[in-house]
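Please read the structure below before turning to the comments.
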Amino acid sequence: MSSNQVAFQTLSAKQAAIPLIAAAMATSDMPRLNAALTRGLDAGLSISEAREILVQLYAYAGFPRSLNALGELAKLVGERKQRGIQDAPGREPIKAILTGEELRAVGRANQTRISGAPVAGPVFEFAPVINEFLQSHLFGDIFERDNLDWQSRELATVGALAATPGVESQLRSHMAASIRVGLTPAQLHQLTGGLEQWGDIAAANRARTALTEALATLNIRE
């Protein structure tokens, strides 16, 4: 295996920090969140990228946790600046965000690409408005913001869901989505190992089970 192939199958230090940030945010573990954010910033995560991760995750963990986590990030960045650490500010999104039916059409296309097929089922038949919100807001407004790539967004989503008991179905779906946006099984195994080394054994076990099931569903043999 060439060095390029090895690099492709290994999460960068910056990528590896994202699930840890997400898992700590989802459980409102502020000391661990501070440590994970520090690891990410030290590895080259920009302030904009870290902020975007915490903004996106309100859709999976709720506004209160997102707001508290953003406050922790703001405090950490201020403290680092006082110590002379100049974190890269990153950039704000520059892609124009559509509105109305055009936005929903883009969101529907993004949702289909990430999910592997048009999303349908009894829940969406019972409450179709939830899919309208998913398409217009999550996969439209949020996923169209181009200051964070889709691989990073899926790493964050998987980390948050792995730390949350009771959402194993969604975790399994996002493990498959991670592969669809270009992450490899080896990188996702590294993610589960990172959660375990970080001390979140329950999250690591949920992530490992979900990955095994997702690979079986996708007929991917390792």
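Based on what the data block shows, is Ile94 in contact (Cβ under 8 Å) with a residue 40 or more places away in the chain, of a type outside the set (Ser, Thr, Tyr), closer than 22 Å to Glu49 by Cβ and part of a loop (DSSP other than H, G, I, E, B)?
Considered against the rule, which asks whether it is in contact (Cβ under 8 Å) with a residue 40 or more places away in the chain, of a type outside the set (Ser, Thr, Tyr), closer than 22 Å to Glu49 by Cβ and part of a loop (DSSP other than H, G, I, E, B), Ile94 comes out as yes.
Is there a residue being under 16 Å from Gln56 (Cα atoms), in contact with a helix residue (DSSP H, G or I) (Cβ under 7 Å, 6 or more places away or on another chain) and of a type in the set (A, V, I, L, M, F, W, C) anywhere in region 112-122?
Within region 112-122 (the criterion being under 16 Å from Gln56 (Cα atoms), in contact with a helix residue (DSSP H, G or I) (Cβ under 7 Å, 6 or more places away or on another chain) and of a type in the set (A, V, I, L, M, F, W, C)), the answer is yes, since at least one residue qualifies.
Are there any pairs, at least 6 apart or on different chains, whose C-beta atoms fall under 7 Å, with the first in region 158-173 and charged (D, E, K, R) and the second in a helix (DSSP H, G or I), and if so, which?
Glu168/Arg206; Glu168/Ala210; Arg172/Ala210; Arg172/Glu213; Arg172/Ala214
If a residue has to be part of a helix (DSSP H, G or I) and loosely packed, with under 11 Cβ neighbours inside 10 Å to count, how many in region 77-91 make the cut?
Total satisfying the criteria: 2.
Quick one: in region 123-180, of everything that is touching a His at 6+ places or on another chain (Cβ under 8 Å) and hydrophobic (A, V, I, L, M, F, W, C), which residue is nearest to Thr192 (Cα to Cα)?
Val158
Test of understanding: among Ala22, Ala74, which residue is within 23 Å of His174 (Cα to Cα) and in a helix (DSSP H, G or I)?
Unique residue meeting the criteria: Ala22.
Kindly establish whether Gly107 is assigned to a helix (DSSP H, G or I), in contact (Cβ under 8 Å) with a residue 24 or more places away in the chain and under 20 Å from the mean Cα position of the chain (by Cα).
For Gly107, the condition - assigned to a helix (DSSP H, G or I), in contact (Cβ under 8 Å) with a residue 24 or more places away in the chain and under 20 Å from the mean Cα position of the chain (by Cα) - is met.
So for region 193-200 (the condition being touching a residue at least 60 places away in the same chain (Cβ under 8 Å) and either under 30 Å from Ile94 (Cα atoms) or of a type in the set (A, V, I, L, M, F, W, C) (or both)), does at least one residue qualify?
Yes: region 193-200 contains one or more residues that are touching a residue at least 60 places away in the same chain (Cβ under 8 Å) and either under 30 Å from Ile94 (Cα atoms) or of a type in the set (A, V, I, L, M, F, W, C) (or both).
Scanning for something part of a loop (DSSP other than H, G, I, E, B), in the same structural domain as Ala162 (by TED's automatic domain parsing), under 22 Å from His137 (Cβ atoms) and within 19 Å of the chain's Cα centre (by Cα), does region 28-41 turn up at least one residue?
For region 28-41, residues part of a loop (DSSP other than H, G, I, E, B), in the same structural domain as Ala162 (by TED's automatic domain parsing), under 22 Å from His137 (Cβ atoms) and within 19 Å of the chain's Cα centre (by Cα): absent.
Could we say that Thr99 is closer than 22 Å to Val158 by Cβ and not small (Gly, Ala, Ser) here?
It is false that Thr99 is closer than 22 Å to Val158 by Cβ and not small (Gly, Ala, Ser).
Residue-wise test of (1) crowded, with 16+ Cβ neighbours inside 10 Å; (2) under 25 Å from Leu45 (Cα atoms); (3) of a type outside the set (A, V, I, L, M); (4) at pLDDT below 95.
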position: Ala96; (1), (2), (3), (4): no, yes, no, yes
position: Thr99; (1), (2), (3), (4): no, no, yes, yes
position: Val106; (1), (2), (3), (4): yes, no, no, no
position: Gln111; (1), (2), (3), (4): yes, no, yes, no
position: Pro122; (1), (2), (3), (4): no, no, yes, no
position: Phe126; (1), (2), (3), (4): no, no, yes, no
position: Val129; (1), (2), (3), (4): no, no, no, no
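The values are calculated or read from the model by the stated rules, or taken from the named source; none is laboratory data. Worth saying up front: this structure is predicted, and the values here are computed from it rather than measured. Every residue, glycine among them, receives a Cβ derived from its backbone with ideal geometry; neighbour counts consider all protein chains shown.
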